[in-house]
Amino acid sequence: MDRCVVLVDAGYLLGASASLLAGEPSRSRVTVDHTVLIAALRERAEAETGLPLLRIYWFDAAPDRRPLPEHRRLRVLPRVTVRLGALTRAEGRRVQKGVDAAMHAELSELARNRACADIVLVTGDGDLLPGMMSAKEHGVVVHLWALQAADGDFNQSEDLVGEADERRVLDREWIERWVRVREAPPHFQHAPGPRAELAGLLAAPPVPHPAAVAAVPEPSAPAAPAAALKVVPTPKDLASRTATPVPTSLVLRWSSERGWVERPHQGPESCTPGDLLPTLAQLTSAEQRWADREEDITTIGGDAHEVGHVFARRWMDRLGAIERLTLLWNDYPRIPHRLDGELLRYAARFGLLAHKDDQIDEHDRYAIRAGFWKELATRVPGGELVVSESRADG
C-alpha cells in the first residue's frame, strides 16, 4: 500500500519537548495544542515520505488505562487512533506499562499486513529495535524522528538510530508551533502553603452558629472594620487559643477531599440558605448532559482553576435567578456541602484525582474553588469588590 503511518510515543514526544523548552522532562510544565500537533505531524510525514497518510497512532499511558481529557480530544480528531498502556506507581514514581509492547505489536502488524509502505517512528526507546528490524524485513521503509535535545546530544537509542532507514530531527522551531511552556506555580518555589492569589480568595470572616452568638462575650477592644476579611479558623486553630475558651456550641467548619464537614451540629438547624440550593445534576437535562460531556472532551483543558470556572458557569446559568446566588456570599468562602462534593467529583474526570493517589491535591482544591468563586463574583453585584479586597488582604 502506497501510504504512510506515524507511530508516536507520547511520553518521548512530550517529555523531550518539555526538556528542551522548560528545562525539565515533566509534561506538566508544557501545554499542548493537540489539533496543531496532529496537523504538523501529518504535514511533515506526507512531505518526507511523499505518500498520503493512512493514520497516526498515539501511544500513551493512563491510570487503569482510562483515557484522560487529552486522550479524549485526540481520539476524536481525524486519522488519529489512541492506544493506552497502564500508568502505575513503582518505587515512588509513575511508570508506564505496556506502551512499548503495544507499539511493537502495531509496528509488526502493519508491516506484516502490508498496510503501508513507510512508517514514521517518533520514539527514542531501544526496545522497539526488534519491531523496526521486522518491519524492514517485510519491505517497509522506517523513518525515525528525534526531537532536538536540550544538550545537543542524542535522546534516542543509538541502536535505533543505526537501524533506521531515514532519520530526521524535529527542531525547536517546529516544536514551538504546538507547545507552550506553562509558568511554574508559586507553591513549587516557596514553602508549602496556598498561593497568594488563591489564599486571598479563601479569606473571609467565620460564620458562627446562632447559638454561639450569645455565648461569646463582647470584645473589650474595638472590633475590626467590617471590610477586613479574616481566614476561617480551623479546629486546630481554635483549640490552640487557650486564653479564650471556645464555646462548645460553636459550629466548626473545615474542608476535606469529601467537601465541607460540619461538627457538632448535623441536623437541619445547622444548614444555611446556600445549603438548600439545587445541585448542578438537579438542574441539568439529558440534552445538557450530552452537550456538557462533549465540551469536556473537546474544549476543556483540565486546569484546576478552569474546572472550577466551567462548573460554576454551568450551574449559575441553569440556576437562573441572581438573587439566589447572593445567598452564597453569606457563607463565603464555604461552598455548600452537596455542591462542593459535586464540584470535586467533576474535577476528578480531568485526571486531577488519578494523578494524586486517589486524592485531589490541596493546592488543586484551592484552585478549583477559587475558579468557582471568581465566576460567581462576575455575576453578583459587589462580588468583584469582595474578591478584590480578599486578594489585597492576602
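Among the residues of the stretch 75-94, those identified as more than 18 Å from GLU106 (Cα to Cα) and among the hydrophobic types (A, V, I, L, M, F, W, C) are VAL76, LEU77, LEU87, ALA90. For beta carbons closer than 9 Å, sequence separation of 6+ or different chains, a first residue in the stretch 322-337 that is at pLDDT 80 or above and surrounded by 20 or more Cβ atoms within 10 Å (Cβ to Cβ) and a second that is basic (Lys, Arg) and assigned to a helix (DSSP H, G or I), the qualifying pairs are ILE335/ARG369. What is the number of the single condition among (1) surrounded by fewer than 19 Cβ atoms within 10 Å (Cβ to Cβ); (2) in contact (Cβ under 8 Å) with a residue 40 or more places away in the chain; (3) more than 26 Å from ALA111 (Cα to Cα) that ALA40 does not meet? Unmet for ALA40, out of (1) surrounded by fewer than 19 Cβ atoms within 10 Å (Cβ to Cβ); (2) in contact (Cβ under 8 Å) with a residue 40 or more places away in the chain; (3) more than 26 Å from ALA111 (Cα to Cα): (3). Of all residues in the stretch 115-166, those that are buried (at least 17 other Cβ atoms within 10 Å of the Cβ) and part of a strand (DSSP E or B) total 12. If you go through the stretch 265-293 and keep only what is at pLDDT below 80, part of a helix (DSSP H, G or I) and loosely packed, with under 12 Cβ neighbours inside 10 Å, you end up with PRO268, GLU269. Only a single item in (1) at pLDDT 90 or above; (2) more than 19 Å from LEU7 (Cα to Cα); (3) surrounded by 15 or more Cβ atoms within 10 Å (Cβ to Cβ) is not met by PRO194, and it is number (1).
Cβ-Cβ distances below 6 Å connect the following pairs, each with a first residue in the stretch 83-110 that is assigned by TED's automatic domain parsing to the domain that holds GLU137 and farther than 21 Å from ILE56 by Cα, a second residue that is of a type in the set (Lys, Arg) and surrounded by fewer than 19 Cβ atoms within 10 Å (Cβ to Cβ), and a separation of six or more residues or different chains: LEU87/ARG94; THR88/LYS97.
The values are calculated or read from the model by the stated rules, or taken from the named source; none is laboratory data. Owing to the predicted nature of the structure, the values given are computational and were not obtained by experimental measurement. In this analysis, Cβ positions are derived from the backbone assuming ideal geometry, glycine residues included, and neighbour counts consider all displayed protein chains.
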